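To start, the structure itself, in structure tokens.
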Amino acid sequence: MFAEKMPEIINASHERLKMELRLADIQTGRVNEAHGLALSGPSGAGKSAAIAHLLKTERARLDEEGYGDATIISLRVPSPATLKFVGQTLLRALGYQISSERQAWYIWDLVRHHLRERRVLFVHLDEAQDLASRGTKHELNSVASMLKTLMTDDGWPVGIILSGTEELEDILNHDPQLARRMKTVHFESLTPAAHANDVLDLLESYCERAELTPAPDLLSLEHGERLIHAAANQFGLVIELILEAIEEAFLQKETALSCRHFGRAYQLRTSCDDEFNPFIIPDFYRIDARQVFTRGGRRS
Ligand SMILES: Nc1ncnc2c1ncn2[C@@H]1O[C@H](COP(=O)(O)OP(=O)(O)OP(=O)(O)O)[C@@H](O)[C@H]1O
Ligand SMILES: [Mg+2]
């Protein structure tokens, strides 16, 4: 299921980006407002990975369709997310360095100039929730208003793609004008009851790719539930745990993947004792895996 889920999200996003419409506008010299996309979901859900995949596909499509000179820019929201600093970071992503002495309006004029020169169709801002949490309300308003300005530019409108944790939704709720121009996609958490079988399918295909035999109990429903719970119900974290368990099996030069490798992977990542390891204790629901991961156990 998950192997198919990604393209499904991507196709939906492709529609939402209205890329065809934008390319047709460019070809015919029309100028319409650009559209955007906001992807929210818990940490570890796989948002950055999904957007990276989407952008790669879209860049390849632009090349194929003869728009190789068009660009998509992707950057992480800087801290502090002031109007000036976001502008400077965007300029740098466009390949242009500028002294920080300059005022915000000057920087954004340059940004708009370079977006047009570089034929940038989309700007992706990852960790977009930081636009709200790091800056003041006033700063948030001015950044949101600048994003709207970019999307409605009457010479070269640029689509904005935002990805971030659920606080990103607060930003959009706070600014209906911005929200109106963005399609929203939310990555839900997995639940052991609904997704254990899907996760087992995924695990089985990773085993095949790694040429490891899954131990008999590894493909049991209970192990699927354990894995989801240990990954704090997040799709991306499920994948990371599977990869780390596989790495363990390789390091121990074994040909079968077993629950022991998952236990070791979890232990390495969280430094927990056995009684707090969901791959070791029977009543694994007792453990709050989210706590472990938010304490910074996760690599990103
Ligand atoms: N479809 C996928 N295929 C393979 N690996 C994936 C996929 N989706 C996510 N991952 C992996 O899962 C991990 C977490 O994903 P990602 O960093 O995209 O999460 P996120 O939602 O952006 O989290 P955060 O909010 O903390 O930034 C990464 O190691 C990523 O490589
Ligand atoms: Mg991310």
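Restricting Ala93, Ala52, Ala81 to those that are at pLDDT 90 or above, at negative phi and within 16 Å of ligand 2 (Cβ to nearest atom) reduces the list to Ala52.
Screening Gly159 on (1) on the phi < 0 side of the Ramachandran plot; (2) within 16 Å of ligand 2 (Cβ to nearest atom) shows it passes everything except condition (2).
Of all residues in segment 60-75, those satisfying the criterion of being out of contact with any His (no Cβ under 9 Å at 6 or more places or on another chain) and surrounded by fewer than 16 Cβ atoms within 10 Å (Cβ to Cβ) are Ala60, Asp63, Glu64, Glu65, Gly66, Gly68, Asp69.
Of all residues in segment 80-105, those that are assigned by TED's automatic domain parsing to the domain that holds Leu125 and among the polar types (S, T, N, Q) have Cβ atoms under 7 Å from Cβ atoms of residues that are open to solvent by less than 60 Å² (accessible area, probe 1.4 Å) and part of a loop (DSSP other than H, G, I, E, B), 6 or more apart or on another chain, in Thr82/Gly135; Gln88/Ile98; Thr89/Pro78.
Return yes when Ser163 is within 30 Å of Arg118 (Cβ to Cβ) and either open to solvent by less than 20 Å² (accessible area, probe 1.4 Å) or part of a loop (DSSP other than H, G, I, E, B) (or both) and no when it is not. Working first, answer last.
Details: within 30 Å of Arg118 (Cβ to Cβ): yes; either open to solvent by less than 20 Å² (accessible area, probe 1.4 Å) or part of a loop (DSSP other than H, G, I, E, B) (or both): yes.
Here the answer is yes, as Ser163 does meet what is asked.
Close Cβ contacts (under 9 Å, 6 or more residues apart or on different chains) running from residues in segment 261-290 that are in contact (Cβ under 8 Å) with a residue 60 or more places away in the chain to residues that are assigned to a helix (DSSP H, G or I) comprise Ala289/His229; Ala289/Ala230; Ala289/Leu237; Ala289/Tyr266; Ala289/Thr270. Of all residue pairs spaced 6 or more apart or on separate chains, those with beta-carbon atoms under 6 Å, a first member in segment 34-45 that is of a type in the set (A, V, I, L, M) and a second member that is near ligand 1 (Cβ under 9 Å from one of its atoms) and in a strand (DSSP E or B) are Leu39/Ser163.
Got a sec? Which of Arg22, Arg119 is open to solvent by 30 Å² or more (accessible area, probe 1.4 Å) and among the basic types (Lys, Arg)?
Numbers: Arg22 fails: open to solvent by 30 Å² or more (accessible area, probe 1.4 Å).
None of the other options fit; the residue is Arg119.
Under 15 Å from Val77 (Cβ atoms), among the charged types (D, E, K, R) and within 16 Å of ligand 2 (Cβ to nearest atom), is that true of Glu139? Here the answer is no, as Glu139 does not meet what is asked. Cβ-Cβ distances below 7 Å connect the following pairs, each with a first residue in segment 230-247 that is more than 21 Å from Ala52 (Cβ to Cβ), a second residue that is among the hydroxyl-bearing types (Ser, Thr, Tyr) and open to solvent by 10 Å² or more (accessible area, probe 1.4 Å), and a separation of six or more residues or different chains: Asn233/Ser189; Asn233/Thr191; Ile246/Tyr206.
So that you can scan it fast, the table gives a plain yes or no per residue for (1) open to solvent by 40 Å² or more (accessible area, probe 1.4 Å); (2) of a type in the set (Ser, Thr, Tyr); (3) within 19 Å of Gly44 (Cα to Cα):
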| site | (1), (2), (3) |
| --- | --- |
| Leu218 | no, no, no |
| Glu222 | yes, no, no |
| Ala232 | no, no, yes |
| Leu243 | yes, no, yes |
| Thr255 | yes, yes, no |
| Ala265 | no, no, yes |
| Phe279 | no, no, no |
| Ile287 | no, no, yes |
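Name the single residue, out of those in segment 41-77 being more than 20 Å from Lys18 (Cβ to Cβ) and either in contact with a Cys (Cβ under 8 Å, 6 or more places away or on another chain) or part of a strand (DSSP E or B) (or both), that is farthest from ligand 1 (Cβ to nearest atom). So the residue we want is Leu75.
The values are calculated or read from the model by the stated rules, or taken from the named source; none is laboratory data. The structure displayed is predicted, hence computed values, not measured ones. Note that each Cβ is placed from the backbone with ideal geometry, even for glycine, and that neighbours are counted across all protein chains shown. Just the protein is used for accessible areas: all its heavy atoms, side chains included, with ligands, DNA and RNA removed. Shrake-Rupley method; radii C 1.70, N 1.55, O 1.52, S 1.80 Å.
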